[in-house]
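Undergrad: For reference, the structure I am asking about is given below.
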Amino acid sequence: MAEKKAFKAESKRLLDLMINSIYTHKEIFLRELISNASDAIDKRYYEALAANAPVSREDLKILIELDKTERTIKICDNGIGMSEAELEENLGTIAQSGSLAFKEELAKSEQTDDDVDIIGQFGVGFYSAFMVAKEVEVISRKAGSEEAFVWKSDASDGYTIEPAVKESCGTTITVYLKENTDDENYDTYLDEYEISRLVKKYSDYIRYPIVMEMTKSRKKEDSDEYEDYKELETLNSMVPLWKRNKNEITEEEYQNFYKDKFNDYNDAQKIIHTHVEGNVSFDALLFIPSKPPMNFYSQDYEKGLQLYSRGVFIMDKASELIPEYFRFVKGLVDSQDLSLNISREMLQHDRQLKFIAKRIEKKIKSELEDMLKNDRENYEKFYQNFGLQLKYGIYQDFGMHKELLQDLLLYYSSSEKKMVTLKEYVSRMKEGQEFIYFMSGSSYDLIDKLPQCELVKDKGYEILYMIDNVDEFALQAMGNYDGKTFKNISQGDLNLDSEEEKKALEDKNNENKELLDYLKEALGEKVSEVKLSSRLKSHPVCLSSGEGMSFEMEKVLDSMPEGNPYGMKATRVLEINPSHPIFDALNQLYAKDKEAVKQYADLLYQQALLIEGFTIDDPMAFSDAICDLMVKANQQ
């Protein structure tokens, strides 16, 4: 009976902490053991190359064996193997990494090989087996040695090492599964198809074949009955698509990968495949969907990229890798510089991840700019799907990312009758034009018919039409574009008239002050002012608002689930067209029947509310008043 040795230097406490804290999902143990097996094969392959006695890659593999009777899982490799001293060193001290030491040695060596890729931190990863195991046995034989040794532990108070028999070099790890509990069914790891699924999920791109006997069914010879049989099957694909040369990958391969990997029935609209070398090296394969997911604009949608380390799956939906304004991008990142043991908590503070995220952000921006410049039709399709998210990106961070996002925005132009960029608008502004003019509403057609737009267009100014709730909030966050301030044509003074026109309107307002004051008195606090308008051409009335909150902002706040939180309202100014017959009618009526003017005032105000898209307080009263006026007109 071999003497039991205690774990070194706090290793028992670290073991307990690691099992209970580092890994969220117990199934991760299989990934770790396979990664370690891959490391061991890499080491053997490298040492054979160094000794000028290379081994055939076709002979190198990882074998998984399941035994339901004994309730064991075996992971066998024909890699470098371990001597007695290496078993002691690597498995006797938790977090001692033979792979790490080998990697450091390889980096110092002049004889390196691109085909060697060390994945793991042998030690911490190995001990993840105890999340599912009541006992673990490791039989190993070092390449070039005739001796083999077996390491055993139940993780309680230590381990044993003693001589063993093994026919060839490599390592076999046997996991003796824990008994099932009410909370955990460990038998699931004895199911062939579950193991196959986990290999596909976590280790699909391990460079060596991962093989296991799978149960198949076939028709018996000379019979209609079927029989089960076992057949050795390779569970992993081995070569990640993103590691291949872009010039060798077809569009169909990209699209099939995207649809299979990210559960989309449609092809991706845009594919971004990039490789970055430097202090942090990584491959990224990114996709912009051709249609938004059904829950894209809901709180249920989870953004993030899949994260791999040297082809080994680490986690799904790593949200730190993608900014909120590019949350529509799906894909994955694979970096050889990341630890397999990184957790979601560590992601937020990892400098390498932040570097990768910054490079991905720049790449997405660059690709979108290129599409906008060279494939406008395709970009406009993208923008129809995800442009709203870019606007949210400007608003949500109070304009912090305006420089990054503002040139990607598109708005419908009154003069071009199509979507244009802010840069295109500014490039054709009239000489001396102060503002970027815009108007908000529920649709482009309705905005185009609004009274406020008519005169501005007539004077030759281009107006941007905005139909999304977030538009005006985003413009406020931006503040300006290229030094030009945004101006809502239904707010404040447009300052489009000549000095003569301004003087003429001021005189007319003064001449009709008594009538206008009476109209204001009739409407009470519904409006802050009634005045003659400089913004109307053929329409009788309109509402304008003061600076600050606009009518569209008020509507957005009113439509919130909790309602307008502070009861904030835009200032209402009733503007009357002095050139419209309605103004002459008001003057004539005021001279002979002031009481009737009150009814006209209310009708004009209600009419202006409807034009602006507001609901009126009493539709029945409004209808009755119109009918009453029609009767009176007929009697006269």
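The values are calculated or read from the model by the stated rules, or taken from the named source; none is laboratory data. Remember, predicted model here, so these are calculated numbers, not experimental data. Here the Cβ positions follow ideal geometry from the backbone for every residue, glycine too, while neighbour counts run over all protein chains shown. Side chains are part of the model used for accessible areas, which takes the heavy atoms of the whole protein and leaves out ligands, DNA and RNA. Shrake-Rupley method; radii C 1.70, N 1.55, O 1.52, S 1.80 Å.
Undergrad: If I go through the stretch 229-287 residue by residue, how many of them are among the β-branched types (Val, Ile, Thr) and open to solvent by 60 Å² or more (accessible area, probe 1.4 Å)? Please lay out each step first, then the result.
TA: Narrowing the stretch 229-287 to residues among the β-branched types (Val, Ile, Thr): 234, 239, 249-250, 271-272, 274, 276, 280.
Those still in the list that are open to solvent by 60 Å² or more (accessible area, probe 1.4 Å) too: 234, 239, 250.
Here the count works out to 3.
Undergrad: Would you check which residues across the stretch 538-553 are under 21 Å from Lys487 (Cα atoms) and surrounded by fewer than 18 Cβ atoms within 10 Å (Cβ to Cβ) and list them? Write out each step before concluding.
TA: Kept after step one, since they are under 21 Å from Lys487 (Cα atoms), are these residues of the stretch 538-553: 541-553.
Listed by number, the residues that qualify are Gly546, Glu547, Gly548, Met549.
Undergrad: Answer with yes or no whether Tyr325 is among the hydroxyl-bearing types (Ser, Thr, Tyr), in a helix (DSSP H, G or I), under 28 Å from Asn374 (Cα atoms) and touching a Lys or Arg at 6+ places or on another chain (Cβ under 8 Å). First the steps, then the outcome.
TA: Numbers: among the hydroxyl-bearing types (Ser, Thr, Tyr): yes; in a helix (DSSP H, G or I): yes; under 28 Å from Asn374 (Cα atoms): yes; touching a Lys or Arg at 6+ places or on another chain (Cβ under 8 Å): no.
So Tyr325 fails the test.
Undergrad: Same structure, new question: Tell me, yes or no, whether the stretch 561-572 has at least one residue that is part of a loop (DSSP other than H, G, I, E, B), within 43 Å of the chain's Cα centre (by Cα) and among the basic types (Lys, Arg). Show your work before the answer.
TA: The initial filter retains those residues of the stretch 561-572 that are part of a loop (DSSP other than H, G, I, E, B), namely 561-572.
Next, from what is left, pick out any that are within 43 Å of the chain's Cα centre (by Cα): 561-572.
Remaining after also requiring among the basic types (Lys, Arg): 569, 572.
Yes, that holds for at least one residue.
Undergrad: State all residues of the stretch 219-236 that are at pLDDT 90 or above and part of a loop (DSSP other than H, G, I, E, B); if no residue qualifies, say none.
TA: Matches in the stretch 219-236: Leu235, Asn236.
Undergrad: Would you please name the residue that is surrounded by the fewest Cβ atoms within 10 Å (Cβ to Cβ), looking only at residues in the stretch 103-148 that are polar (S, T, N, Q) and modelled with pLDDT of 85 or more?
TA: Looking at the filtered set, the residue picked out is Ser145.
Undergrad: Within the stretch 521-532, which residues are in a helix (DSSP H, G or I) and either without any contact (Cβ under 8 Å) to a residue 12 or more places away in the chain or closer than 13 Å to Pro578 by Cα (or both)? Walk me through it before giving the result.
TA: Looking only at the stretch 521-532, we keep the residues that are in a helix (DSSP H, G or I), and these are 521-526.
Glu521, Gly524, Glu525 - these are the residues of the stretch 521-532 that are in a helix (DSSP H, G or I) and either without any contact (Cβ under 8 Å) to a residue 12 or more places away in the chain or closer than 13 Å to Pro578 by Cα (or both).
Undergrad: Does the stretch 612-636 hold any residues that are open to solvent by 70 Å² or more (accessible area, probe 1.4 Å), part of a loop (DSSP other than H, G, I, E, B) and modelled with pLDDT of 80 or more, and which are they?
TA: Thr615, Asp617, Asp618
Undergrad: Anything in the stretch 555-594 that is aliphatic (A, V, I, L, M), within 23 Å of Ile467 (Cβ to Cβ), without any contact (Cβ under 8 Å) to a residue 12 or more places away in the chain and surrounded by 14 or more Cβ atoms within 10 Å (Cβ to Cβ)? List them, or say none. Walk me through it before giving the result.
TA: Filtering the stretch 555-594 down to residues aliphatic (A, V, I, L, M) leaves 556-557, 560, 568, 570, 573-574, 576, 582, 585-586, 589, 591.
Right, trim to within 23 Å of Ile467 (Cβ to Cβ) and you get 556-557, 560, 568, 570.
Checking which are without any contact (Cβ under 8 Å) to a residue 12 or more places away in the chain leaves us with 557, 560.
Selection gives Leu557 alone.
Undergrad: Going through the stretch 72-94 one residue at a time, which ones are open to solvent by 40 Å² or more (accessible area, probe 1.4 Å) and either without any contact (Cβ under 8 Å) to a residue 24 or more places away in the chain or within 42 Å of the chain's Cα centre (by Cα) (or both)?
TA: Lys74, Ala85, Glu89
Undergrad: I would also like to ask the following. With a cut-off of at least 3 residues that are under 14 Å from Leu33 (Cβ atoms) and more than 37 Å from the chain's Cα centre (by Cα), name the strands (runs of 3 or more DSSP E) lying wholly within the stretch 127-218. Spell out how you get there, then give the answer.
TA: On the way: elements: 133-141, 148-153, 159-164, 170-177.
In the stretch 127-218, 133-141, 170-177 are the strands (runs of 3 or more DSSP E) which contain 3 or more residues that are under 14 Å from Leu33 (Cβ atoms) and more than 37 Å from the chain's Cα centre (by Cα).
Undergrad: For the stretch 443-462, name all the residues that are closer than 20 Å to Leu609 by Cβ and among the basic types (Lys, Arg).
TA: If the condition is that a residue be closer than 20 Å to Leu609 by Cβ and among the basic types (Lys, Arg), then Lys449 is the only one that fits.
Undergrad: Do we have Ile19 as modelled with pLDDT under 85 and closer than 23 Å to Leu190 by Cα here? Break it down stepwise before answering.
TA: Values: modelled with pLDDT under 85: yes; closer than 23 Å to Leu190 by Cα: yes.
Considered against the rule, which asks whether it is modelled with pLDDT under 85 and closer than 23 Å to Leu190 by Cα, Ile19 comes out as yes.
Undergrad: I've got another one for you. Scan the stretch 401-430 for residues that are among the basic types (Lys, Arg), under 14 Å from Ile463 (Cβ atoms) and part of a helix (DSSP H, G or I) and report the count.
TA: Keep residues of the stretch 401-430 that are among the basic types (Lys, Arg), which gives 402, 417-418, 423, 428, 430.
So of that shortlist, the ones also under 14 Å from Ile463 (Cβ atoms) come out as 417-418, 428, 430.
Imposing the further condition that a residue be part of a helix (DSSP H, G or I) reduces the set to none.
Count: 0.
Undergrad: Which residues, taken from the stretch 447-480, are over 19 Å from Leu410 (Cβ atoms), open to solvent by 10 Å² or more (accessible area, probe 1.4 Å) and hydrophobic (A, V, I, L, M, F, W, C)?
TA: Leu450, Leu455
Undergrad: I'm trying to understand the selection: among the residues of the stretch 41-65, which are touching a residue at least 40 places away in the same chain (Cβ under 8 Å) and outside any helix (DSSP H, G or I)?
TA: Once the filter is applied, which keeps residues that are touching a residue at least 40 places away in the same chain (Cβ under 8 Å) and outside any helix (DSSP H, G or I), the stretch 41-65 yields Leu60, Lys61, Ile62, Leu63, Ile64, Glu65.
Undergrad: Next question. I'd like to verify a number: residues in the stretch 166-212 that are farther than 18 Å from Leu63 by Cα, modelled with pLDDT of 95 or more and β-branched (Val, Ile, Thr), how many?
TA: 1
Undergrad: To continue, here is another question. Just name the residue that is most open to solvent (accessible area, probe 1.4 Å) out of those in the stretch 595-611 that are free of Cβ contacts under 8 Å to residues at least 40 places away in the same chain and more than 44 Å from the chain's Cα centre (by Cα). It would help to see each step written out before you state the result.
TA: Within the stretch 595-611, the subset free of Cβ contacts under 8 Å to residues at least 40 places away in the same chain is 595-596, 599-600, 603, 606, 610.
Narrowing further to those that are more than 44 Å from the chain's Cα centre (by Cα): 595-596, 599-600, 603, 606.
Numbers: Glu595: 119, Ala596: 16, Gln599: 51, Tyr600: 63, Leu603: 22, Gln606: 13 Å².
That would be Glu595.
Undergrad: Can you confirm whether Ala596 is modelled with pLDDT under 90 and in contact with a Lys or Arg (Cβ under 9 Å, 6 or more places away or on another chain)? It would help to see each step written out before you state the result.
TA: Working: modelled with pLDDT under 90: yes; in contact with a Lys or Arg (Cβ under 9 Å, 6 or more places away or on another chain): yes.
Here the answer is yes, as Ala596 does meet what is asked.
Undergrad: Now for a separate question. Go through the stretch 299-322 and count every residue that is part of a strand (DSSP E or B), closer than 20 Å to Ile364 by Cβ and either among the small types (Gly, Ala, Ser) or in contact with a Ser or Thr (Cβ under 9 Å, 6 or more places away or on another chain) (or both). Please lay out each step first, then the result.
TA: We begin by selecting, within the stretch 299-322, every residue part of a strand (DSSP E or B); these are 305-309, 312-318.
Next cut, closer than 20 Å to Ile364 by Cβ only: 305-308, 316-318.
Restricting the remaining residues to those that are either among the small types (Gly, Ala, Ser) or in contact with a Ser or Thr (Cβ under 9 Å, 6 or more places away or on another chain) (or both) gives 305, 307-308, 318.
Selection size over the stretch 299-322: 4.
Undergrad: Tell me, which residue of the stretch 237-266 that is touching a helix residue (DSSP H, G or I) at 6+ places or on another chain (Cβ under 8 Å) and part of a loop (DSSP other than H, G, I, E, B) is nearest to Ser281 (Cα to Cα)?
TA: Of all residues in the stretch 237-266, those touching a helix residue (DSSP H, G or I) at 6+ places or on another chain (Cβ under 8 Å) come to 241, 249, 253-254, 257, 264-266.
Checking which are part of a loop (DSSP other than H, G, I, E, B) leaves us with 249, 264-266.
Working: Ile249: 21, Asp264: 29, Tyr265: 32, Asn266: 31 Å.
Step by step, filter the stretch 237-266, then rank; the result is Ile249.
Undergrad: Please work out which one of (1) at pLDDT 90 or above; (2) open to solvent by 30 Å² or more (accessible area, probe 1.4 Å); (3) assigned to a loop (DSSP other than H, G, I, E, B) is the condition Arg535 fails and give its number.
TA: (2)
Undergrad: Right, another one. Tally time: how many residues in the stretch 484-528 are open to solvent by 20 Å² or more (accessible area, probe 1.4 Å), over 30 Å from Gly432 (Cα atoms) and in contact with an Asp or Glu (Cβ under 9 Å, 6 or more places away or on another chain)?
TA: Counting residues in the stretch 484-528 that are open to solvent by 20 Å² or more (accessible area, probe 1.4 Å), over 30 Å from Gly432 (Cα atoms) and in contact with an Asp or Glu (Cβ under 9 Å, 6 or more places away or on another chain) gives 3.
Undergrad: All but one of (1) open to solvent by 40 Å² or more (accessible area, probe 1.4 Å); (2) within 21 Å of Asp468 (Cα to Cα) hold for Glu431, so report the exception by its number.
TA: (2)
Undergrad: Condition (residue is small (Gly, Ala, Ser), modelled with pLDDT of 95 or more, in a loop (DSSP other than H, G, I, E, B) and open to solvent by less than 70 Å² (accessible area, probe 1.4 Å)) applied to the stretch 289-298: is it met by at least one residue? Talk me through it step by step, then tell me what you get.
TA: The first filter runs over the stretch 289-298 and keeps only residues small (Gly, Ala, Ser), leaving 290, 298.
After this cut, where a residue has to be modelled with pLDDT of 95 or more as well, the list is 290.
Still in the list and also in a loop (DSSP other than H, G, I, E, B): 290.
Going one step further and asking which of them are open to solvent by less than 70 Å² (accessible area, probe 1.4 Å), we end up with 290.
Yes.
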